[in-house]
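Please read the structure below before turning to the comments.
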Amino acid sequence: QPTFAQNIVLQDSSSTLTISLQSKLNKSIQLADGLVQLGDDLSFADDVMFTGNGRVDLKRRQLAMGGKDTAWSNLIFWDNATDMVLNSKVSLTGTWTFNGEAHVTGNGNILDLTGGGKIWVRSGATVHLKDIKVIGLGTGSFVFEDRSSQIRICDTQIEMDADVTVTEGGIYVD
């Protein structure tokens, strides 16, 4: 049940960190273009997040965000993100790229794209958004890599602030 005195910093793009904690992670992880892999479910304490650009492989484990609002300006490639849980408002000005099958549960919280944030859906990927309010679609965007890219929404509100044109992929409502 470790607690960390300072943020965890990956050295560079060749760095890989596998993390398995039974308690909440109390410090942020600076990706530095490296890779973080979950060896077990991971819960963030308040104000904890991934910083910098990089890749996170959830390996079909749960990632639970902290209970305080966070602002994400980085580029993160999410792999095997089958169970992401938002426990507060997330303001996204960077890009979250999803590969494979992804499930994001909002618990009624807001995913704010008004700062130009992007949800990028790779070829053949499906992102499920459940119990979440997405605001700022139009300024922020959903990007579909090709016709096989999908976003499926359930119990989700989308608040648009401009017109949106989708030429590939699709948004499906359950």
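Here are some notes:
- Two-site label geometry, T18 and A5: point separation in nm, points 7 Å out along Cα→Cβ: 2.8
- Reported label for calculated Rg and Dmax of the Cα atoms in Å given [x] 15.4, 48; [y] 19.0, 60; [z] 28.6, 102: [x]
- Rolling a 1.4 angstrom probe over region 1-148 with all protein chains present gives an accessible area of which 42% lies on carbon and sulfur atoms.
- Taken along its three principal axes, the alpha carbon spread of region 1-91 comes to 31, 29, 27 Å, from the longest extent down to the shortest.
- Straight-distance candidates among the lysines for linking to K27, with alpha-carbon spacing under 17 Å and chain neighbours fewer than 8 residues away dropped: K68.
- Extension gain (nm, one decimal) between R152 and V173, 0.36 nm per residue minus Cα-Cα: 7.0 nm
- Separation of alpha-carbon centers, region 18-47 and region 112-149, rounded to whole Å: 24
- Overall form of region 8-54 per C-alpha gyration tensor (a/c, 1.5; a/b vs b/c): oblate
- Protein heavy-atom accessible surface, 1.4 Å probe, per residue over region 108-174: 51 Å².
The values are calculated or read from the model by the stated rules, or taken from the named source; none is laboratory data. Treat the numbers as computed from the prediction; the structure is a model and nothing was measured. Glycine also receives a Cβ, built like all others from the backbone with ideal geometry; neighbour counts cover every protein chain displayed. Remember, those area values only see protein heavy atoms, side chains included, never the ligands or the DNA or RNA. Shrake-Rupley method; radii C 1.70, N 1.55, O 1.52, S 1.80 Å.
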